[in-house]
Amino acid sequence: MKKTPMPDIIFGRHAFEQCLKEKPDKVEKIWVQQNIRLPGKLHSLIKDAKSNGSVIMYVDRRSLDRMSG
């Protein structure tokens, strides 16, 4: 049986910042907790990622917790 490759998934602000800095074209989707106020720098990074073609998904905290295990 042929294995399907898992997508690379990173968790956390600092890992996201580093990935966006090194490989901005590789960031396909970003899941962000909804209904929270984002710090200016993080808001700016998400805006930059969106302009690079990343899809921004605003989800509840429970969904993020499930994703991160």
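The values are calculated or read from the model by the stated rules, or taken from the named source; none is laboratory data. Since this is a predicted model, take the numbers as computed values, not measurements. Using ideal geometry, Cβ is built from the backbone for each residue, glycine included, and neighbour counts are taken over all protein chains shown. Just the protein is used for accessible areas: all its heavy atoms, side chains included, with ligands, DNA and RNA removed. Shrake-Rupley method; radii C 1.70, N 1.55, O 1.52, S 1.80 Å.
Its Cα centre serving as origin, the chain has a Cβ charge dipole (Lys and Arg +1, Asp and Glu -1) of approximately 120 debye. Taking each residue as 0.36 nm, the span from R61 to K21 lengthens on full extension beyond its C-alpha to C-alpha distance by 11.9 nm.
Normalised by the number of residues in the chain, the mean separation of alpha-carbon contacts (under 8 Å, six or more apart) gives a relative contact order of 36 percent.
Carbon-plus-sulfur accessible fraction, the chain (probe radius 1.4 Å, protein heavy atoms only): 52%.
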